[in-house]
Amino acid sequence: MKKFVYFLFALLLVFNFNSFAQTKGKLVIIGGRQVTSIVKKYVELAGGSNAKIIIIPNAGADPVENSELQKKEFAELGAASDYLLFTKETADADSNLKKLDGITGVFFLGGDQAILARDMLGTKLLDKIYKFYDNGGLVGGSSAGAAIMSEVMITGNELVNKDSTVSFVTIEKGNVETIRGFGFLKTVIIDQHFLKRKRHNRTIAALIEHPELIGVAIDESTAIIVYADDTFEVIGDSQVLVYDPTKSKNIREDESGNLGISNMKLHVLIKGDRFNLKTKEVIE
């Protein structure tokens, strides 16, 4: 009888733990120039005709116009949506926090990811989005809304090269500016518009200076869906490149600040490919 009571007690502990356990949601990270097939998949993951999506446009120069265009696209795919207009000072207004009640998706628009970080880091608004994601919610973003997903975030600014007629033509120490992003992904640096804008140099340079992270570089019209088990799937029309310096050797620089690295691993992924962020391997 005593053993049976202990057994029941153990079952209750497991039941209660599972009842309160949190399950991360999904991320849809779009490399820019989003295409209908990707947005349609986002809407499907958000609940389809039952979706209630909140749009956050702060990165862009014209938040109202950009939000209305995105709202229209979601509506054409059968999803209801609304958007927030706020500054750093007004982010935590009750009206903004209330709009997050009952949502099924959050979507960050493109523009300048540093503005998103400036306006939202340290706010109750972002904390509420973190809680939404940690409890199974869907978070997506395109372009700047993709870059913001990683904790170490490329801003797009150069710190050494001041020639505005060329960009990221070197792989040198201290040139790629990184700041804190939202950190939905802790072990990854995200880059976007990747192949179209030839951004290899800045991703490689950032990773040589952060060799404990991997780089996930997403091209335009392409996205990854990151699942709760830390795997992701490629969707869309182009490719995703994964750079893995975590087992590289001989990181070095010369007298001019040029960076070197040996044995950095590279994966070129296409639609349908899956990748495990824990094992850092393609899923066959």
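The table that follows gives values for the structure above.
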{"read-out": "Cα-centre dipole for the chain with unit charges at Cβ (Lys and Arg positive, Asp and Glu negative), debye to 20", "value": "880"}
{"read-out": "Reachable aspartates and glutamates from residue 88, criterion Cα separation under 18 angstrom, eight or more residues apart if same chain", "value": "62, 112, 119, 127"}
{"read-out": "Extension gain, residue 246 back to residue 282 (0.36 nm per residue minus Cα-Cα distance, nm)", "value": "11.4 nm"}
{"read-out": "Too-long pairs where the Cα-Cα distance tops 25 Å, listed order kept, from 162/271; 198/278; 162/280; 52/124", "value": "162/271; 198/278; 162/280"}
{"read-out": "Formal net charge of residues neighbouring residue 52 (Cβ-Cβ distance under 15 Å; K, R +1; D, E -1)", "value": "+1"}
{"read-out": "Total formal charge among the other residues, if their Cβ is under 9 angstrom from that of residue 160, Lys/Arg +1 and Asp/Glu -1", "value": "0"}
{"read-out": "Ratio Rg/Rh, restricted to the chain and using Cα atoms, in which Rh is the Kirkwood radius", "value": "1.03"}
{"read-out": "Principal-axis tilt of helix 36-46 within the chain, Cα atoms, nearest 10 degrees", "value": "30"}
{"read-out": "Cα→Cβ-extended label distance, 7 Å offset, between residue 89 and residue 40, nm", "value": "4.5"}
{"read-out": "Acute angle (nearest 10 degrees) that the helix 63-76 long axis makes with the longest principal axis of the chain, alpha-carbon atoms", "value": "60"}
{"read-out": "Cα-centred dipole magnitude for the stretch 112-245, charges only on beta-carbon of K, R (+1) and D, E (-1), debye, nearest 20", "value": "360"}
{"read-out": "Residue 80 paired with residue 50, simple spin-label distance in nm, labels 7 Å along Cα-to-beta-carbon", "value": "1.3"}
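Readers should treat all values here as calculations from the given coordinates under stated rules, not as data from a laboratory. All values derive from a computational prediction rather than experimental measurement. Positions of Cβ are backbone-derived with ideal geometry, glycine not excepted, and every protein chain shown enters the neighbour counts.
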